[in-house]
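Every number here is computed from the coordinates shown, using simple stated rules; none is lab data. These numbers were taken from a predicted model, which means no experiment stands behind them. For neighbour counting, all protein chains shown are included, and Cβ atoms are generated from backbone atoms with ideal geometry for every residue, glycine included.
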Amino acid sequence: MKAIKIEKYGGPEVLKIKEITLRKPVNDEVLIEHVAIGLNYIDTYHRSGLYPLILPSSLGLEASGIIKEIGPNVSNFSIGDKVAYSAVPLGAYSTHRIYKSKNLVKVPEGIDLTLAATLMTKGLTTFYLLHKTYPVSSGETILFHAAAGGVGQIFCQWAKSLGCKVIGTVGSDEKIQIAKKNGCDEVINYSKEDFAKKTMELTDGKGVPVVYDGVGKSTLEKSLKCLKTRGIMISFGNASGALSPINVPKMLQPKGLFFVRPSMGQYLHSPEELSEASTMLFDKISSGKVKVEIFKKYKLNDVVQSHEDLESRKIIGPAIILPD
């Protein structure tokens, strides 16, 4: 059994592979043998210290696998069940782990565990953004940043299935076709165009009711300019860096804008909420309304390279780490 650990904050080089020995599962715990591990940008925030941890620490929020042992009081899962998860505590970067059954979901037949590993964080994030943080309506025009990224590819297809018109932004011309393939009606390369000006042109000067922004620092101010009166700015990531302080009188007050910084734990706190979200996610996949292709697979031994690629924007779409 192996796991990735960090003993200090820093760049990808602080990721170290360690031999581990696990105890027996107790109470509502299970022992999972991982089949695949999700690679997410938030993992870099934990590694760098942007989101502080108690060190030394494990890493990784998301994985899929097979239950090998169950502890006492586990009634809703059995040995051999195919499962997936995306929740704290961190520790998905491992071959095996002990995990609370309340945070697990069963993976339906017909959905590959390798795919399930990359669906949980990105797919469940998409669920709460579209159905809870700002429940979209058919016919609405919405703006999503980093439309060719891992979350973006799922989000834009899902939004399109709900009847939305999707304006997506990307950082390079090579990503335009990826964004269009995954549901964007309009795509703006924000490295070449003023996306705020273009968004206002595309909406006849009205603006959009909602902006979904996982990019962060570099897009915040112009995103606010894209919103109509009483629009909502949803900031859910920091790919370009942590947000600068918001000048409320200058940036929000003139149009009566709303600003929210949501996270998965606020929306998927109970087993019932998790069940609702995962059921809808798997239905989108099974029906073909959301199609996901894994962009790249890494070995656990190559975890340093995976983080280097992630932060240099070389990963275009969902990526996973294989334990073996």
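Key figures for this structure:
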{"read-out": "Normalised contact order of the range 192-324, rounded percent, pairs of Cα under 8 Å and 6 or more residues apart", "value": "16 percent"}
{"read-out": "FRET efficiency for Glu19 and Asn76, using Cβ-Cβ distance with R0 set to 35 Å, rounded to 0.05", "value": "0.65"}
{"read-out": "Whole-percent pair-distance distribution, where bins are 5 Å wide, for the alpha carbons of the range 171-324", "value": "2, 7, 12, 15, 18, 18, 16, 8, 3, 1, 0"}
{"read-out": "Cα centroid separation, the range 139-206 to the range 67-106 (Å)", "value": "36 Å"}
{"read-out": "Charge sum, other residues only, whose C-beta stays under 15 Å from Lys297's C-beta, Lys/Arg counted +1 and Asp/Glu -1", "value": "-3"}
{"read-out": "Residues with amide H under 5 Å from that of Lys165, placed H, sequence gap 5 or more", "value": "Gly139, Glu140, Thr141, Ile142"}
{"read-out": "Pairwise label distance in nanometres, Ser287 with Lys192, each label 7 Å out on the Cα-Cβ vector", "value": "3.5 nm"}
{"read-out": "Rg over Rh, two decimals, the range 138-262 (C-alpha only, Kirkwood Rh)", "value": "0.94"}
{"read-out": "Leu55-Asp112 FRET efficiency (beta carbon distance; Förster radius 25 Å; 0.05 resolution)", "value": "0.10"}
{"read-out": "Highest to lowest packing among 166-178, 128-140, scored as the average C-beta count within 10 Å", "value": "166-178, 128-140"}
{"read-out": "Packing-based order for 89-96, 2-9, using average beta carbon neighbours within 10 Å, highest first", "value": "89-96, 2-9"}
{"read-out": "Label-to-label distance, nm, for residues given as Lys297 and Ser275 (7 Å Cα→Cβ offset)", "value": "3.3 nm"}
{"read-out": "Residues of the range 178-202 with amide N under 15 Å of the 7 Å Cα→Cβ point at Glu221", "value": "194-197"}
{"read-out": "Set Lys122/Lys197; Lys122/Lys198; Lys16/Lys100; Lys222/Lys296; Lys181/Lys284; Lys175/Lys296 screened for pairs whose C-alpha atoms are more than 23 Å apart", "value": "Lys122/Lys197; Lys122/Lys198; Lys16/Lys100; Lys222/Lys296"}
{"read-out": "Most to least packed among 219-230, 18-29, 142-153, 54-65 [average Cβ atoms within 10 Å]", "value": "142-153, 54-65, 219-230, 18-29"}
{"read-out": "Relative contact order of the chain, pairs being alpha-carbon contacts under 8 Å that are 6 or more residues apart, as %", "value": "17 percent"}
{"read-out": "Length added when fully stretched, Thr229-Ser172, from 0.36 nm per residue minus Cα-Cα", "value": "17.5 nm"}
{"read-out": "Around Gly80: net Lys/Arg minus Asp/Glu count, Cβ-Cβ under 14 Å", "value": "-1"}
{"read-out": "Tail beyond 25 Å, pair distance distribution of the chain (Cα, percent)", "value": "50 percent"}
{"read-out": "Cα gyration tensor shape for the range 6-151, rounded if a/c is under 1.5, else prolate or oblate", "value": "oblate"}
{"read-out": "The range 138-262, relative contact order [Cα under 8 Å, separation at least 6], %", "value": "20 percent"}
{"read-out": "Principal-axis tilt of helix 113-128 within the chain, Cα atoms, nearest 10 degrees", "value": "40 degrees"}
